[in-house]
1. Hey, could you get me the Stokes-Einstein D for the range 64-144, Kirkwood radius over alpha-carbon pairs, 25 °C and 0.890 mPa s, rounded to whole µm² s⁻¹?
2. Modelled label-to-label distance, residue 66 and residue 22, 7 Å Cα→beta-carbon offset: nm?
3. Could you give each residue of the range 109-126 its phi-based ³J(HN,Hα) in whole Hz, using Karplus coefficients 6.51, -1.76, 1.60 with θ = phi - 60°, and x for Gly or Pro?
4. Taking H placed 1.01 Å from N in the peptide plane, check which residues at least 5 places from residue 62 or on another chain put their amide H under 5 Å from its amide H.
5. How charged is the neighbourhood of residue 314? Take every other residue with its Cβ under 9 Å from the Cβ of residue 314, and add Lys/Arg as +1 and Asp/Glu as -1.
6. Whole-Hz ³J(HN,Hα) for each residue in the range 228-238, computed from phi via Karplus 6.51 cos²θ - 1.76 cosθ + 1.60 with θ = phi - 60°, x for glycine and proline: what do you get?
7. Working from Cα positions, state the angle (0 to 90°, nearest 10) between the long axis of helix 2-20 and the longest principal axis of the chain.
8. Once the other residues with Cβ under 11 Å from the Cβ of residue 254 are scored (Lys, Arg +1; Asp, Glu -1), what is the net sum?
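Rule-based calculations on the coordinates, nothing more; no lab input. Just so it is clear, the model here is predicted, and its values are computed rather than measured. Note that each Cβ is placed from the backbone with ideal geometry, even for glycine, and that neighbours are counted across all protein chains shown.
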Amino acid sequence: MKKLFIAAFIFVSTFTTNTFAEVKMGIILGFTGPIESLTPAMAASAELAFKEASDSGSLLGGETISVVRADSTCVDSAAATAAAEGVIAQGVAAIMGADCSGVTGAIASNVAVPNGVVMISPSATSPGLTALDDKGFFFRTAPSDARGGQILADITKDRRIKSVAITYTNNDYGKGLADVYAAAVKAHGIKVTIVSAHEDGKADYSSEVATLASAGGDAVAVIGYLDQGGKGIIQGSLDSGAFDKFILSDGMIGDSLTDAFGKDLNKSFGSMPGSMNEKTAGTFASVAKAAGIDSSGPYTGESYDAAALIVLAMQAGGSADRASIAKNVMDVANGPGTKIYPGELKKGLDLLAKGKKVDYEGATGVSFTSVGEAEGSFLEKEIKGGKFKNKKQR
């Protein structure tokens, strides 16, 4: 009878563990700060992938995921590092994030890599992160600004801009992208009248606009953040009449900008990572819409993909162990194997459980370089009728 009781106890314990086992995942994004209008949809997109995996019943034999959110602020590396330490102390298996390049580098170098925790950023684009000594724990589903700056310069040329003033937010993202963009437009024979930094968090940007205006240009390239200094530069330019045509980096693209300025921006354009591929981006848009998520903003698809890669890497290694996740990210991202698209995580998890290989395409056509960053495609964006519109894929 005693043996029977022990056997029954073990059965109940095992059943309970399999049914209610939970894996914690971190999401670190700038829920406050200069891109706070973008991050809710990014976080919701990542959580959609985590929920899809949890609801499938196929993740590691039925485990589920709970999310621990933290605020990177986007700009305060000390605060971001402290937030990451708090997340990791709660035992997360991996981190979806961070977002802005400076805080992402700080978290990776000071917290995630030393603790052996995988980070997959959906939006950190600084070229400097390519050479990060990450020991195989840092990945990004967003392409580097080394390519993004060239794409924006190509669009500038095609729009027949002859001269341009450039202003950038004074951080890793802004400086890195401005350097690439300035060199690329010069190579196209476009005159760069000035390259000038601006600081975020100011109430008035009339002085910065006056400096740009004195240098002149057919347009001003604003490489910054739509909820901070970049918006201030545009406000000051429109108020003074200094510029009415703006070339916008990815950090400037979002509905809050057009909500603020509407048709005053109708001559403006820019670029951001993204795709018009119906199988990848189109499918994700449908999946996101069904979940009540507006996927039209920057980095929503990249956020979904970052989370999806984490769960598929877990399944490929048969474990939520941090080192196992790191070991398997590249395998599920680059195949070879059955292609997996948005909404198909159960299919991918089931194949991996059977020892099959998958090639995750996701929302953005995921394909990683040798250092684990997206090769990526870009969307040329223009403003018509006071709204951002897709012009074409680059």
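1. Values: Rh = 12.3 Å.
It comes out at roughly 199 µm²/s.
2. Inter-label distance under the simple model: 0.2 nm.
3. Couplings: 5, 9, 10, 5, 5, x, 9, x, 10, 5, 10, 10, 7, x, 8, 7, 10, 4 Hz.
4. Excluding prolines and chain starts, which carry no amide H, there are no hits.
5. Details: positive: none; negative: 63, 321.
With Lys, Arg at +1 and Asp, Glu at -1, the neighbours total -2.
6. 9, x, x, 5, x, 4, 5, 4, x, 5, 5
7. Relative to the chain, helix 2-20 is tipped by roughly 10 degrees.
8. -4
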